[in-house]
Structure formats: C-alpha cells, structure tokens
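**Student:** To start, I am sharing the structure in question, which I have written as structure tokens.
The values are calculated or read from the model by the stated rules, or taken from the named source; none is laboratory data. Since we're looking at a predicted model, the values are computed, not measured. Here the Cβ is made from the backbone with ideal geometry for all residues, glycine too, and neighbour counts use every protein chain on show. Ligands, DNA and RNA are excluded from the accessible area calculation, which covers all protein heavy atoms including side chains. Shrake-Rupley method; radii C 1.70, N 1.55, O 1.52, S 1.80 Å.
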Amino acid sequence: MKPGAALMKHFLQIKDLRAEEYAYLFERTRVIKTRFKNYERYTPLVDRTLAMIFEKASTRTRVSFEAGMYQMGGSVVHLTTGDTHLGRAEPLEDTARVISRMVDLVMIRTYEQEKIERFAAHSRVPVINGLTNEYHPCQILADIFTFIEHRGSIQGKTVAWVGDGNNMANTWLQAAEVMGFKLHLSTPSGYEVDHAVAGVGDRSCFEVFDHPMRACEGAHLVTTDVWTSMGYEAENEERLKAFVDWCVDEEMMAVAQPDALFMHCLPAHRGEEVTAEVIDGPQSVVWDEAENRMHVQKALMEYLLLGRIG
Ligand code: CP
Ligand code: NVA
C-alpha cells in the first residue's frame, strides 16, 4: 500500500463526505473563485495529472474539469470508450490499475454506479464521479454553492424537484440528508425516485407530491432536469407524454417563495421541462450554476489531492 493510501478519499456520491467537509469545500470554493475573478494565479497542482474518462457525452463537465485543472497548474488526459481499450472489453479493473499508476486523479462519466465503484476499488488514486445513471454529485456541489452565493446557507431551506426521478434527483435527496434541508419531490407516475438507489435513511428530509405545483409551494429553490437522461433515449416518446405536466413554468415559480431561485444542470430543452420565460427569466441562475462547476471542482480536486489547506 502506498504511504497515505489509507487516507485516500473518492467522491462517488454525496454520502462519501460529511457535512463539515462540505462546509470546508464551499469556503475553499469561495476563495478559489475570488482569486480566479481577480486574475490571481493559483497553481497548487503543478505536475499533477487528471485522467477524464467519458463513456457519455459532455460539454460542461469536460470543460470545467479541464480548464480547472490547467488553471491549477496541472494537466489533463481525455479518454473516451471509443478511443481506449475500454471499448474493446479490457476489464475495468485492469484499466483502473494501469491508469492510476500514471496519473494522480481520475474523473469518470459512465453508466452504472457499480462500474465507477469497481474502478475506484482498483485505483491507487482518488476517483471522482462525473455522472452515472444513479448520481451526479459534482453538479449538486455546484448547485448548492450557487444557492449559498445568492441566498446564504441552504440549511433548513426547501428545494422543489420537478421531473424525473433520475441521477440528479437521487443526488439532491442525498444532499438534503447530509446538509440538512428539505426536498419536495414531484415526478410523474412510474418515474419516482427509487429510495433504495438514493440510499437515504432519514425520511424527514423529503416529501413526495403528486402535483408539481404543490411541490413548488413555499420552495426557496425550484429545479428540474431533462425528461430523458443519457442512456434512456429509447424511452423518449413515452417520456414526452408522461412528463407533459412537469414543465416548470411561471405559475409554478409564482407559488414558490417570492425570491425563489430556478436552477437546471443543463443542457435544457425550453418548452419541455422548463419554459423559456423561467430559464431565461430573472429568477434563473443557470449560468452562475454552470460556471460554478469549475470553481467547486477546483476546490474538490485540491481537497482530494492535498487535503485541507491552512
Ligand atoms: N450538467 C452537466 O453535467 O453538463 P454536461 O453533460 O455538459 O457535462
Ligand atoms: N440527468 C441528465 C443530466 C445531464 C447533465 C443525464 O443523465 O443525462
């Protein structure tokens, strides 16, 4: 075992870190973002390499990790299924053993969570979940940091989730339990969150609503996501019909808190899960949310590689 290996942390789902570690990460994010905005160089990851493995498409995740790593002085190797032996049936475990002897950190976007867990089990270096069918923890880090920037602590607040019981919904649910806020969930019948998958023990951190309007009542944040996630494209036609009443519109925003925010992890489909009036309207913070992916991930990479600073 490498020296320090016992202390190595992976970030595969929200439950992997504790509330006080998130508090630290959000504070570091603030510092790192401020430095970036002031054009101050901050390069603690010189000579460190991040390997990014994409088995699904990405715009934000790729650019935010790649730009973030370069800004911190490190470098990046970008891999996809098609241009590696992953697409030619080399066992994932062998890929993990090999890659983690050459780089310092690995980010993976893939299908089943079980795959990233197997990779991490055979990796010598920290592994970050860049989205699986079950979770998208880096996105929720960015979302919560964005909430804190605009409104202060999320503790005790209410977040309304309108739409699919997907990877984002599962991750919001875990975050509600770990960070102490309430999640109002409204999904069409047949697309509910699977609580066994979300893995949440405290049932008081969420409430389920049949009607999306009811879920939005009094919410401090209303959020949604695509009706058809990557990997589920074959279900698109039936989802278009099932989700038709789960479009976040101005009526839903009107029953939330007067200063409620709107978030969407993007990419968005205006006229499906959200109207143009809402996503392009005054309550929407989706562009800050997208930008903050980079800042929170810089803090996360620093934490996983260097531990606490100061
Ligand atoms: N929100 C998000 O993860 O976007 P990408 O799919 O573009 O990476
Ligand atoms: N739920 C979406 C999120 C995309 C960032 C998907 O998995 O495709």
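**Student:** Which residue out of Gly87, Gly4 is more than 16 Å from ligand 1 (Cβ to nearest atom), at pLDDT below 95, more than 18 Å from Tyr303 (Cα to Cα) and open to solvent by 20 Å² or more (accessible area, probe 1.4 Å)?
**Tutor:** Gly87
**Student:** Continuing with this model, one more query. Can you say whether Thr81 is modelled with pLDDT under 95, touching a Gly at 6+ places or on another chain (Cβ under 9 Å) and either more than 16 Å from ligand 1 (Cβ to nearest atom) or open to solvent by 10 Å² or more (accessible area, probe 1.4 Å) (or both), as far as the supplied structure shows? Give the steps one after another, and end with the answer.
**Tutor:** Details: modelled with pLDDT under 95: yes; touching a Gly at 6+ places or on another chain (Cβ under 9 Å): yes; either more than 16 Å from ligand 1 (Cβ to nearest atom) or open to solvent by 10 Å² or more (accessible area, probe 1.4 Å) (or both): yes.
Yes; evaluated as a whole, the condition is true for this residue.
**Student:** Identify the single condition in (1) open to solvent by less than 50 Å² (accessible area, probe 1.4 Å); (2) within 14 Å of ligand 2 (Cβ to nearest atom) that Ala120 does not satisfy, given that it satisfies every other one.
**Tutor:** Single failed check for Ala120: (2).
**Student:** Here is a further query. Anything in the stretch 251-284 that is within 16 Å of ligand 1 (Cβ to nearest atom), in a loop (DSSP other than H, G, I, E, B) and crowded, with 20+ Cβ neighbours inside 10 Å? List them, or say none.
**Tutor:** Within the stretch 251-284, Cys265, Glu273 meet the criteria.
**Student:** For Gly231, state whether it is out of contact with any strand residue (DSSP E or B) (no Cβ under 7 Å at 6 or more places or on another chain), in a loop (DSSP other than H, G, I, E, B) and not basic (Lys, Arg). Spell out the reasoning first.
**Tutor:** Details: out of contact with any strand residue (DSSP E or B) (no Cβ under 7 Å at 6 or more places or on another chain): yes; in a loop (DSSP other than H, G, I, E, B): yes; not basic (Lys, Arg): yes.
Judged against the criteria, Gly231 is a match.
**Student:** Given the condition under 22 Å from Phe11 (Cβ atoms), part of a loop (DSSP other than H, G, I, E, B) and open to solvent by 10 Å² or more (accessible area, probe 1.4 Å), answer yes or no: does some residue in the stretch 204-213 qualify?
**Tutor:** Within the stretch 204-213, not a single residue is under 22 Å from Phe11 (Cβ atoms), part of a loop (DSSP other than H, G, I, E, B) and open to solvent by 10 Å² or more (accessible area, probe 1.4 Å).
**Student:** Now for a separate question. Every residue in the stretch 204-250 that is within 16 Å of ligand 1 (Cβ to nearest atom), more than 11 Å from Glu272 (Cα to Cα) and among the hydroxyl-bearing types (Ser, Thr, Tyr), please.
**Tutor:** Going through the stretch 204-250, the residues within 16 Å of ligand 1 (Cβ to nearest atom) turn out to be 223-233.
Now restrict to residues that are more than 11 Å from Glu272 (Cα to Cα): 223, 229-233.
Those that are within 16 Å of ligand 1 (Cβ to nearest atom), more than 11 Å from Glu272 (Cα to Cα) and among the hydroxyl-bearing types (Ser, Thr, Tyr): Thr223, Ser229, Tyr232.
**Student:** Moving on to the next point. Name the residues in the stretch 214-235 that are open to solvent by 20 Å² or more (accessible area, probe 1.4 Å) and of a type in the set (Ser, Thr, Tyr), would you? If you could, list the steps in order and put the result at the bottom.
**Tutor:** As a first pass, look at the stretch 214-235 and keep what is open to solvent by 20 Å² or more (accessible area, probe 1.4 Å): 214, 217-218, 220, 228, 230-235.
Once the filter is applied, which keeps residues that are open to solvent by 20 Å² or more (accessible area, probe 1.4 Å) and of a type in the set (Ser, Thr, Tyr), the stretch 214-235 yields Thr228, Tyr232.
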